[in-house]
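Q: There's a structure below that I have some questions on.
The values are calculated or read from the model by the stated rules, or taken from the named source; none is laboratory data. Here the structure is a predicted model, which means the values were calculated and not measured. Glycine also receives a Cβ, built like all others from the backbone with ideal geometry; neighbour counts cover every protein chain displayed.
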Amino acid sequence: MEMPKPGEPHHHLQKLLGSWVGEERLSPSPWDPVGGTAVGRVDNRSALDGFVVVQEYEQERNGAVGFRGHGVFSWDPARRCYALHWFDSMGMPPNEFTGQFEGDVLTLSNRSPQGHSRAVFDVREPGRYVFRMDMSPDGTQWQTFMEGRYSRRA
């Protein structure tokens, strides 16, 4: 029996690969009433023979890491969408975000008891990427929660 091979949708995920570092701007929110800036570090690696991208993330503020996350990006052929399964140090159950690439921009959304979330990964510029997390109580009125601009680490 011949094993399946990654297809075109999996190859799009490869655009996220690499080690990245950059400045993040956080808006005031219930989780962080003041907001401010942070340093984000992201390591995205290919796993499971190219079928998924695994992300390790950490956020540093005032010289200390205060937030960590672990994500698994994949292509769901049954639903014909990309999926991100997200785990983090907030201690909540994992979240699933789903969505599509439009060109070199991957937009994924999630609905949970806490509201709606939208994660945007913009990899249009070689050697850089922009990440934005938007929040909404109802899925129509969106506010940027966090935006990070990252460069590939040497």
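Q: Quick check on the stretch 7-66: of everything there that is among the aromatic types (F, W, Y) and within 13 Å of the chain's Cα centre (by Cα), which residue is nearest to G115 (Cα to Cα)?
A: Looking at the filtered set, the residue picked out is Y57.
Q: Filter the stretch 83-98 down to the residues that are within 12 Å of the chain's Cα centre (by Cα) and not charged (D, E, K, R) and list them by number.
A: Step one: list which residues in the stretch 83-98 are within 12 Å of the chain's Cα centre (by Cα), which gives 83-88, 95-98.
Those that are within 12 Å of the chain's Cα centre (by Cα) and not charged (D, E, K, R): A83, L84, H85, W86, F87, N95, F97, T98.
Q: I need the full set of residues from the stretch 126-140 which are in a loop (DSSP other than H, G, I, E, B) and touching a residue at least 12 places away in the same chain (Cβ under 8 Å), in order please.
A: The answer is G127, P137, D138, G139.
Q: Considering only residues of the stretch 28-50 that are modelled with pLDDT of 95 or more and either farther than 30 Å from P4 by Cα or touching a Phe, Trp or Tyr at 6+ places or on another chain (Cβ under 7 Å) (or both), which is surrounded by the most Cβ atoms within 10 Å (Cβ to Cβ)?
A: Step by step, filter the stretch 28-50, then rank; the result is V42.
Q: Could you list all residues from the stretch 81-125 that are among the acidic types (D, E) and in contact (Cβ under 8 Å) with a residue 12 or more places away in the chain?
A: Listed by number, the residues that qualify are D88, E96, D104, D122.
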